[in-house]
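Q: My questions will all concern the structure given below.
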């Protein structure tokens with residue numbers, strides 16, 4: 001019988017994960033285009049404000065429940081404690097909804113304070129329906145956290161596609177029928193689709209956990225280790241709250257405040273590009289998908305060796321993909337931003353490069369947070385977040401003199417400070433990690449070489465332009481893959497791990 005986190009389960013999960021993310025990208029792009037083209041300008045602005053309120057509400061009224069599920073569902077599955085797993089999943093679902101329902105009532109009551117005078121009447125009518133959709137979103141995300149922790153990507157991706165696909169289908173039907181779409185109709189449709197999909201996802205979760213619980217000979221009532229869960233969850237939850245002070249949303253507000261609208265527009269455009277890259281970057285997405293494997297590594301024959309292997313693999317994958325992107329941004333960023341923005345922005349190369357470095361530093365930090373969670377070190381996550389915020393605050397002060405680039409450098413430095421704190425805490429648990437410097441140097445040399453060779457190719461194709469950049473980037477990417485295949489930044493064991501996750505042994509780097 002295959003282990004719940006064994007090779008066969010991982011291959012199956014990765015296949016479903018890839019297919020779901022590809023379909024999700026199509027649905028997401030369709031929804032984004034429909035949103036921009038359908039809602040009037042004022043309604044669009046209010047909806048953007050609503051989404052910010054919704055995300056903050058889900059975070060603020062979560063009280064660490066998501067962190068508990070991510071850490072302890074895999075452990076209970078591995079231990080065969082199916083009754084406790086079911087109790088944690090179902091009771092956590094109910095508690096998550098109850099907490100957010102109370103928070104939603106507070107948000108609706110505080111609507112005038114949160115939204116100000118602009119569109120107040122429209123907002124008052126629409127916000128209650130939007131908070132209903134937030135409840136449905138939170139319910140769906142909880143079930144998907146449980147599915148992800150069980151390596152059931154088929155269930156997780158179906159849940160996501162039902163929620164967002166039904167919303168897109170309904171709104172597209174309105175547009176096709178020529179029906180005017182107001183903010184209220186938009187959020188009412190979202191609320192209906194999200195609630196229906198939440199019920200479907202809850203049924204899926206009930207079915208999965210009931211099947212596991214029914215297959216076990218569990219006697220008596222399930223006993224959840226609530227004190228243990230809370231000792232880990234509360235500092236992790238506080239770390240998430242504190243991290244808002246140095247988040248990208250906070251950075252956008254600071255840029256607009258300190259440097260004005262033109263700088264905010266440029267930074268916002270570069271951020272949107274980086275956000276899309278980060279959201280669908282395979283190496284970054286794998287961090288979340290492989291989370292349960294870090295917990296299951298504690299049951300391996302040699303846990304430190306297994307954890308070190310998983311850590312190095314994720315770091316190398318992110319370096320392998322992000323370093324050439326950083327090199328491209330550093331050498332050709334201005335031309336790239338000019339082409340992508342249709343000539344609206346001409347000098348965004350430095351901003352783009354720094355944000356790409358930030359994506360890489362965030363990937364390293366997220367991987368270290370995974371290791372801290374394995375050791376149930378919520379305090380380590382909190383300490384590292386506070387340290388990062390202090391560095392970011394210093395970057396904000398310096399930026400008033402040295403400009404936007406220094407603010408973004410402060411963001412990267414904040415991540416590096418947090419990573420240093422996490423490494424120190426992880427060493428205290430007996431795990432000594434060594435940065436994969438050889439792989440970093442190898443990929444950096446290869447990326448710099450092919451990016452430098454792009455210049456004569458761009459000139460031969462008629463100078464900087466959308467098509468010449470696209471063709472030269474594709475050629476440089478192919479050259480990078482060939483060069484790194486010869487240099488082999490991954491060792492044989494790491495190549496075997498990657499090839500074990502995919503149907504054919506195609507990973508040769």
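Q: For the range 224-233, state whether one or more residues are modelled with pLDDT of 75 or more, in a helix (DSSP H, G or I), under 21 Å from the mean Cα position of the chain (by Cα) and outside the structural domain of residue 352 (by TED's automatic domain parsing).
A: Yes; the residues of the range 224-233 include at least one that is modelled with pLDDT of 75 or more, in a helix (DSSP H, G or I), under 21 Å from the mean Cα position of the chain (by Cα) and outside the structural domain of residue 352 (by TED's automatic domain parsing).
Q: Just a yes or no: is a residue in the range 384-393 under 25 Å from residue 348 (Cβ atoms), surrounded by fewer than 23 Cβ atoms within 10 Å (Cβ to Cβ) and touching a helix residue (DSSP H, G or I) at 6+ places or on another chain (Cβ under 8 Å)?
A: Taking every residue of the range 384-393 in turn, at least one turns out to be under 25 Å from residue 348 (Cβ atoms), surrounded by fewer than 23 Cβ atoms within 10 Å (Cβ to Cβ) and touching a helix residue (DSSP H, G or I) at 6+ places or on another chain (Cβ under 8 Å).
Q: Can you name the number of the only condition in (1) without any contact (Cβ under 8 Å) to a residue 24 or more places away in the chain; (2) more than 16 Å from residue 246 (Cα to Cα); (3) out of contact with any helix residue (DSSP H, G or I) (no Cβ under 7 Å at 6 or more places or on another chain) that residue 429 fails?
A: Residue 429 satisfies every listed condition except (1).
Q: How about the range 203-223: which of its residues are part of a helix (DSSP H, G or I) and either surrounded by 15 or more Cβ atoms within 10 Å (Cβ to Cβ) or modelled with pLDDT under 85 (or both)?
A: If the condition is that a residue be part of a helix (DSSP H, G or I) and either surrounded by 15 or more Cβ atoms within 10 Å (Cβ to Cβ) or modelled with pLDDT under 85 (or both), then 204, 205, 206, 208, 209, 210, 211, 212, 213, 214 are the ones that fit.
Q: From 422, 457, grab the single residue that is touching a helix residue (DSSP H, G or I) at 6+ places or on another chain (Cβ under 6 Å), closer than 28 Å to residue 10 by Cα and assigned by TED's automatic domain parsing to the domain that holds residue 370.
A: Being touching a helix residue (DSSP H, G or I) at 6+ places or on another chain (Cβ under 6 Å), closer than 28 Å to residue 10 by Cα and assigned by TED's automatic domain parsing to the domain that holds residue 370 holds for just one of 422, 457, which is 422.
Q: Okay, next question. Pick out the one residue from 30, 60, 64 that is assigned by TED's automatic domain parsing to the domain that holds residue 132, surrounded by 15 or more Cβ atoms within 10 Å (Cβ to Cβ) and more than 22 Å from residue 135 (Cβ to Cβ).
A: 30
To keep it simple, each residue is scored yes or no on (1) in a helix (DSSP H, G or I); (2) surrounded by 20 or more Cβ atoms within 10 Å (Cβ to Cβ); (3) modelled with pLDDT under 80; (4) within 18 Å of the chain's Cα centre (by Cα).
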position: 10; (1), (2), (3), (4): yes, yes, yes, no
position: 18; (1), (2), (3), (4): yes, no, yes, yes
position: 43; (1), (2), (3), (4): yes, yes, yes, no
position: 76; (1), (2), (3), (4): yes, yes, no, no
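Q: If I ask for residues that are crowded, with 22+ Cβ neighbours inside 10 Å and not in a helix (DSSP H, G or I), which ones from the range 317-360 would you list?
A: Passing the criteria: only 348.
Q: Given (1) in contact (Cβ under 8 Å) with a residue 12 or more places away in the chain; (2) closer than 22 Å to residue 299 by Cα, identify the lone condition not met by residue 79.
A: Condition not satisfied by residue 79: (1).
Conditions tested, residue by residue: (1) assigned by TED's automatic domain parsing to the domain that holds residue 399; (2) crowded, with 19+ Cβ neighbours inside 10 Å; (3) modelled with pLDDT of 75 or more.
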| residue | (1), (2), (3) |
| --- | --- |
| 245 | yes, no, yes |
| 248 | yes, no, yes |
| 253 | yes, no, no |
| 259 | yes, no, yes |
| 266 | yes, yes, yes |
| 272 | yes, no, no |
| 281 | yes, yes, no |
| 284 | yes, yes, no |
| 296 | yes, yes, yes |
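Q: On to the next question. If you take the residues in the range 45-57 that are free of Cβ contacts under 8 Å to residues at least 40 places away in the same chain and in contact with a helix residue (DSSP H, G or I) (Cβ under 9 Å, 6 or more places away or on another chain), which one is surrounded by the fewest Cβ atoms within 10 Å (Cβ to Cβ)?
A: 51
The values are calculated or read from the model by the stated rules, or taken from the named source; none is laboratory data. Since we're looking at a predicted model, the values are computed, not measured. FYI the Cβ positions are ideal-geometry reconstructions off the backbone, even for glycines, and counts take in every protein chain you see.
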